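Read-outs: derived from the displayed coordinates by stated rules, not from any lab. Model, not experiment: these values are computed from the prediction. Backbone-built Cβ (ideal geometry, glycine too); neighbour counts: all protein chains shown.
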Amino acid sequence: MAEGLIEEQAEFDDLCAQIREAGIVAFDTEFVTEDTYRPELCLLQLATDTISVAVDPFQVERLDAWWELMADDETTVVVHGGQAEIKFCLAFGDARPRKLVDVQLAEGLQSTSYPLGYEALVQRVLGERVSGKETRSDWRRRPLSARQIVYAREDVDHVLPIWNRQRESLQRLGRLEWFDAESERFIDDVETEHNRKGADRLSGMHKLRPREIAVASALADWRDAEAARLNKPLRRMLRDDLIIELARLQPKTVGQLMETRDMNRSGYRRSAEAMVACIQQAVAIPDDQLPRREKGHGSRKRDEEQALGQLLNMALSNLCAQANVSRQLIGTSADLRQLVRSHVFGAANGPLPRLASGWRAEVCGNLLTDLLDGKVSLRVSDPESDHPLVFERFNPESD
């Protein structure tokens, strides 16, 4: 065994027992995404207050004990930017993490920085420097070098001390409940993304007519199934933009399909007949069974929505600076438009706007809706300030 690297099943099982006893562990992974349908797990890094090791999943065949720990109700798993780690738990453990802490997320709830890289976070919270990631490493190659193992372990060595300080800070600010709620939302979002298949992964669908949507959906479902069967990345099976183009053209023969720009590639040619068959099946769907396209706003409402969204954008940035919360974390431009659409234009169908629910409503959502209702006005107070705007509530009794 290389120093700090676990390659034996018995050692790994013993490690999991020690983690269970500790009750809290830092977790990170190294993986590659170039050649497979799902990211290929190449290394796990785990650290408690007394242990710091890497685990070689190419040698340790049974990782079930770890995925069970990650999904139980007793072990706190602390990560940094843990989208990939959540997806691995979903894929290999067939369960979602139960007590996940993301220090990148925690920092965004007590500063204007999100997402903050690991090196910058270590420097900010602990005042220490790390060597940086091995960004060009081939993590599939064996044996791993001593340098790779050192760098990999460093990615978890500082995570628990960071969380200890962040937890104290969030407690002091009264934001631990915010963090708990946002952690659940974060896992929900990653799980939704992980489970997306077929047409749900496509961009540009909103521009298509119902028949074209049916063709694009059929091609996307075919691509997803083939990519999973062959364990190839989706983009190598068929690019998104080509699916949209084929949905518009709806070729009837292999010859017509191959006339489409960028389709004349060996990989595409091998699947040409299957693609044409898929397209023609969608073309044959009766009109009354075609998917419905969501109705958009009229151009006037879109313009008004855009203008009000820009006003709220300035107000939101100011509020985030005042509250010392990350603007990027609390809401996007799309979230602001959703708020306008729901509150001003009465688009009540669908979920409650994100900015109008939970801790976001406490920080900004209620004030933003009051601004839309004319109950609050804005003025510039100090142009040199990080938050130059002042919100003044209208008092009808003063008239």
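Can you tell me the length gained on complete extension of the stretch Glu119 to Thr332, counting 0.36 nm per residue apart and subtracting the Cα distance?
That works out to 74.1 nm of additional length.
Of the listed peptides 241-249, 196-204, 265-273, what is their order by residue-averaged count of other C-beta atoms within 10 Å, with the highest listed first?
Numbers: 241-249: 18.9, 196-204: 14.8, 265-273: 12.7.
Packing proxy ranking, top to bottom: 241-249, 196-204, 265-273.
Please work out how much length the chain gains when fully extended from Asp303 to Asp73, using 0.36 nm per residue of separation minus the C-alpha to C-alpha distance, in nm with one decimal. The partial results should precede the final answer.
Details: separation 230, 0.36 × 230 = 82.80 nm, distance 4.82 nm.
In short, 78.0 nm is gained.
Any idea what the relative contact order of the range 232-332 is, in percent, if you count C-alpha pairs under 8 Å spaced at least 6 apart? If you can, show how the numbers build up before the last one.
Working: 35 pairs, mean separation 18.8, N = 101.
Averaging sequence separation for qualifying contacts and normalising by length gives 19 percent for the range 232-332.
Rounded to two decimals, what is the ratio between the C-alpha radius of gyration of the range 299-398 and 2.2 N^0.38 Å? Intermediate results must be reported in sequence, preceding the final value.
Details: Rg = 13.5 Å, N = 100, 2.2 N^0.38 = 12.7 Å.
With N residues counted in the range 299-398, Rg over 2.2 N^0.38 Å equals 1.07.
Given the chain, what percent of its DSSP beta bridges are antiparallel, to the nearest 5?
Details: 16 of 24 bridges.
Of those bridges, close to 65 percent are antiparallel.
How many angstrom lie between the Cα centre of the range 191-263 and the Cα centre of the range 324-374?
34
Quick one: if you stick a label point 7 Å off each Cα along the C-beta vector at Arg136 and Glu392, how many nm between them?
So the two model labels end up 5.9 nm from each other.
As a test of the formula, what do you get for the chain when each DSSP H run with n ≥ 4 contributes -39,500 (n - 2.57) and the sum is divided by the residue count, at 222 nm and rounded to the nearest 500 deg cm²/dmol?
Details: 18 runs with 198 residues, N = 399.
Calculated at 222 nm, the ellipticity per residue is -15000 deg cm²/dmol.
Among 13-19, 360-366, 377-383, 387-393, what's the highest-first ranking by average C-beta atoms within 10 angstrom per residue? Walk me through the numbers before you get to the answer.
Working: 13-19: 16.7, 360-366: 20.3, 377-383: 10.4, 387-393: 14.0.
Put in order of decreasing packing, that is 360-366, 13-19, 387-393, 377-383.
When only Cα pairs under 8 Å and 6 or more residues apart are kept, what is the percent relative contact order across the range 39-118?
Values: 94 pairs, mean separation 17.8, N = 80.
Normalised by residue count, the contact order of the range 39-118 is 22 percent.
For the residue pair Ser385 and Asn195, what label-to-label distance in nm results when each label sits 7 Å from Cα along the Cα-to-beta-carbon direction?
The answer from the label model is 4.5 nm.
Once fully extended, how much extra length lies between Ala146 and Val283, figured as 0.36 nm per residue of separation less the alpha-carbon to alpha-carbon distance? The partial results should precede the final answer.
Working: separation 137, 0.36 × 137 = 49.32 nm, distance 5.73 nm.
Stretched out fully, the Ala146 to Val283 stretch lengthens by 43.6 nm.
Any idea what the relative contact order of the chain is, in percent, if you count C-alpha pairs under 8 Å spaced at least 6 apart?
Numbers: 529 pairs, mean separation 51.9, N = 399.
Value for the chain: 13 percent.
Sticking with the crude label model, points 7 Å out along Cα→Cβ, report the distance from Asn313 to Glu34 in nm, one decimal please.
Placing both labels 7 Å beyond Cα along the Cβ direction yields 3.7 nm.
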